[in-house]
Number of protein chains: 2
Amino acid sequence: MDLKSVFQPRTLCVIGVSQYNPLSPGTVIYQKNLHEMEVEVFGVNPRGGTLDGREIYKSISDVPKDIDLAVICVHAEAVNEVLEECGEVGVKGVVVVSGGFAEIGGEGIERQNQLVKIAKKYDMVVIGPNCVGVYSPPYVDTFFLPSERLVTPPPGNVAVISQSGGILVDQFFSKYTERKIGVSVAVSTGNKAIVDENVLLEYFKNDPRTKLIAVYLEGFREKEGTLFLRRAMECFERKKPVLVFMAGKSDYGKQATASHTGSVMAAYNVASAAFRQWGVIEAEDEYEVITFSKVLSFNLPSIKNGNIAVLTISGGHGVLCADLCVQYGLKLVEFTEEEQEEMRMLLNPSAAPIASLKNPIDLTGSLTDSDVEKVAEYLMRNEKVEATILLMLPYPPTISMQLGRRTANIVRKYRKPVVAYVPWVQKYQMIVEGFELNGVPVAHTVEEAVQMIKALKLKGEAEMRINRSLG
Amino acid sequence: MDLKSVFQPRTLCVIGVSQYNPLSPGTVIYQKNLHEMEVEVFGVNPRGGTLDGREIYKSISDVPKDIDLAVICVHAEAVNEVLEECGEVGVKGVVVVSGGFAEIGGEGIERQNQLVKIAKKYDMVVIGPNCVGVYSPPYVDTFFLPSERLVTPPPGNVAVISQSGGILVDQFFSKYTERKIGVSVAVSTGNKAIVDENVLLEYFKNDPRTKLIAVYLEGFREKEGTLFLRRAMECFERKKPVLVFMAGKSDYGKQATASHTGSVMAAYNVASAAFRQWGVIEAEDEYEVITFSKVLSFNLPSIKNGNIAVLTISGGHGVLCADLCVQYGLKLVEFTEEEQEEMRMLLNPSAAPIASLKNPIDLTGSLTDSDVEKVAEYLMRNEKVEATILLMLPYPPTISMQLGRRTANIVRKYRKPVVAYVPWVQKYQMIVEGFELNGVPVAHTVEEAVQMIKALKLKGEAEMRINRSLG
């Protein structure tokens, strides 16, 4: 199936624009693409008229250009007729935004079967029905929520697939934007009449813009699950991890799923174990979705055993982090007396006598940027340390706003993962950017930092499993 | 012990200001109080000079006014001599910022014993040594980090006590500020030579500004723990819950604590069970500290059984929330067919046919403000529902920025707790404020919203236990 016409169309036809209602989905999509995206846009409404000073065509057959992608935003009853017209004029891809199909049961199921038949007859790729559609910057955006409401993440290397439009625009778009995680393509799969997760994984496997695939799942239909595992493994072999966030794990959750997407998570434990076996990385909660997305999008090396060092400015943060390491199955490297003395000799004379060089390493509020640089470099060279967490509280005035860039410039010379905790405060954005633009992802809680290391450990475990299964 | 001289001093003397180093702790404290706080400020340095055009006195005995509070920021070796002078001129309260006491062992222990002796001789209240001190708006602020570095929460009704200065300025101050949680008084206890948690609880019990007491603990010294339980219960009886966040729970954590505050959490499970028994509310992680602080500072009624309703705009968020309710030991109320139809009749004609009125109640993206108002009011009147979670995603343009205020104005008429999830996005601040200024606390993840309900359930359990033990 050729999804390029959907994700990188040169021409887009929006069927169901309204001259009068600026908030109708068709009109929102029309104007968004016309003014914000690169695709060439045409609008269709049987009554004709004009929109933004441009002609509204009465039918897609009146549009003067070949159409790569059509978006259908008409009442459910009219969708199949319009789809047939799309097929006749040779449209390659279609997004059906309209609801009123399998999700309502009864006649909706029949309507969806008909839709599938037409799509197959003309060999058209269909996303939906009953979906928010596709966001693929800078080409096209069929998300029918107005730009002043939606929060849209920057372009980047994460492909997102979601069974829920709400989760996609909120848990992914809003939070990715907040954390500056960039998206290559985002797809709301809706009823998955034609295009499901497996079709999409097949595409993203070969998409040069995509380095990580994040999937929100409420369950699979028959046989979908096993194919998903195979596809995910193929992606992983091409160095594109598949990150899964599941909901509908509990009894209450399953009931809620039944009235939402209608899919059912058979037995969560079974699914979870299968994912792990096939190299899929599972995020267990809302926070891990974001922290895992961030750290995996940075393409840091994975780790095998989880032996880490923690470098802190605040003893209390060190204690919190130590507790969390235990909770997340990580180990704190034990430094010998000799190693501790080597580190102490790197410190400035105020910090040296009061710093604790055990692990967590507590440099205290008397530290300077240089102390962090030097101890971080020491840890990069220490063979026992697989990864380092920097707990960087920039409150003491001896720390400069250059801390992030300075430290990142040191550690980037070594192929060893480092993540940093920096408080989520506007005035510290320069430190955050200094770290992140130079390859060190930043967490905004201590737990997030630990989760980032967990993701690298899960990635390492997946690599080992897959290498073994490839023999 | 009269702590009023420390928390609401009329006069402050900073001993150890520097004419030349604007970043020295004494100078930072001097200038902060002079320009930002209400207290009248005097500076002392044996060399004299001027600071901000005002005289620096050579000794506290030269200061022309009676001093309520002195802050000592001199080298450890000089502290006790200065403290003696403070006693001689009748200073009532002292904050000793300087380190170099019991925390360094050896001579430091002797020095601290001497400090205690002097304090007792003159009946002075001493905070510290080795601490960040006291923040008590609008009166006084001895936190020696410059204002351009520190993040300071607004005045409010939460008293904070912390064994770690780093945790206080970061996990409490930065995050409280982000979430607009206000502070009555914050105290970094340091080495607790004189003033410990128990002395502070005794004070906050009677402090009219304080409605909730949040405590960060790495452990207790001998006999401190049992007294703490008693004091906490007394606070709870006066409707001031004590919220505890413990660190040093694990083996790694305990090791880290040993080199930090030197205190040891004997057996975490034992402490945790004792807290619960005595009505102390325990936050289990960084997130719960913030969500519990927020919801408990709103003074919502507690709940007994955890029977809740979830109202959502996004099916996916409903599923996530349902899973989390199970995880947090809450129950989703089951609505009868009749109740579901009653709610359906309240909805606008677009939402009515597609909404799911089971629990979670999914009003779908076709909802309007009125639908939320009406269904929320229905839930307030339904006797099975103890508390309601509103999952409010403001992306559909049919939702207005008035949603928060409108809904809060309805639910505030009933004595039933409601919490809302609203994405943490600048443009939705009007909705967030509409909720919060009218009594509905807002969470920024679905899990945070569920945690808020958990806090109200823990508060309900504490009330039952304490009533029984008084009974």
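Summary for residue B:89: label point 7 Å along Cα→Cβ; distances to the equivalent points in the other copies, ascending, 8.9 nm. Within the straight-line cut-off of under 15 Å between alpha carbons, the aspartates and glutamates reachable from residue A:65 are A:40, A:55, A:85, A:88, sequence neighbours fewer than 8 places apart in one chain being disregarded.
Counting Cβ atoms of other protein chains within 10 Å of each residue's Cβ and taking the mean over peptide A:426-433 gives 1. In this Cβ point-charge picture (+1 for Lys and Arg, -1 for Asp and Glu), region A:321-389 has a dipole of about 120 debye about its Cα centre.
Converting phi to 3J(HN,Hα) with the Karplus coefficients 6.51, -1.76 and 1.60 and the offset θ = phi - 60°, region B:79-95 yields 4, 5, 4, 4, 4, 4, 4, 4, x, 4, 8, x, 4, 8, x, 9, 10 Hz in sequence order, with x at every glycine or proline. A straight Cα-to-Cα reach below 28 Å connects residue A:58 with the lysines A:4, A:32, A:92, A:117, A:120, A:121, residues fewer than 8 places away in its own chain not being considered.
For the rotational copy relationship between B and A, the axis lies nearest to a chain B beta carbon, identified with its distance in whole angstrom as B:287, 4. Neighbour counts of other Cβ atoms within 10 Å put B:188, B:59 in the fewest-to-most order B:59, B:188. The orientation-averaged shadow of the Cα convex hull for region A:289-369, equal to a quarter of the hull surface, comes to 6.6 nm².
For helix B:224-237, what angle does its Cα long axis make with the longest principal axis of chain B, in degrees from 0 to 90 and rounded to 10? For helix B:224-237, the angle is close to 50 degrees. When each of A:259, A:5, B:370 is scored by the number of other beta-carbon atoms lying within 10 Å, the sequence from fewest to most is B:370, A:259, A:5. Here residue A:55 yields copy-to-copy label distances, from shortest upward, of 9.0 nm, the label point defined as 7 Å from Cα along Cα to C-beta. Working from Cα positions, state the angle (0 to 90°, nearest 10) between the long axis of helix B:446-470 and the longest principal axis of chain B. Taking Cα atoms only, the helix is inclined about 70 degrees. Here is how far apart the residue B:338 label points are across copies: 8.1 nm, shortest first, using a point 7 Å from Cα toward Cβ.
Read-outs: derived from the displayed coordinates by stated rules, not from any lab. All values reported here derive from a predicted model rather than from experimental measurement. Heads up, the Cβs are rebuilt from the backbone with ideal geometry, glycines too, and the neighbour counts pull from every protein chain shown.
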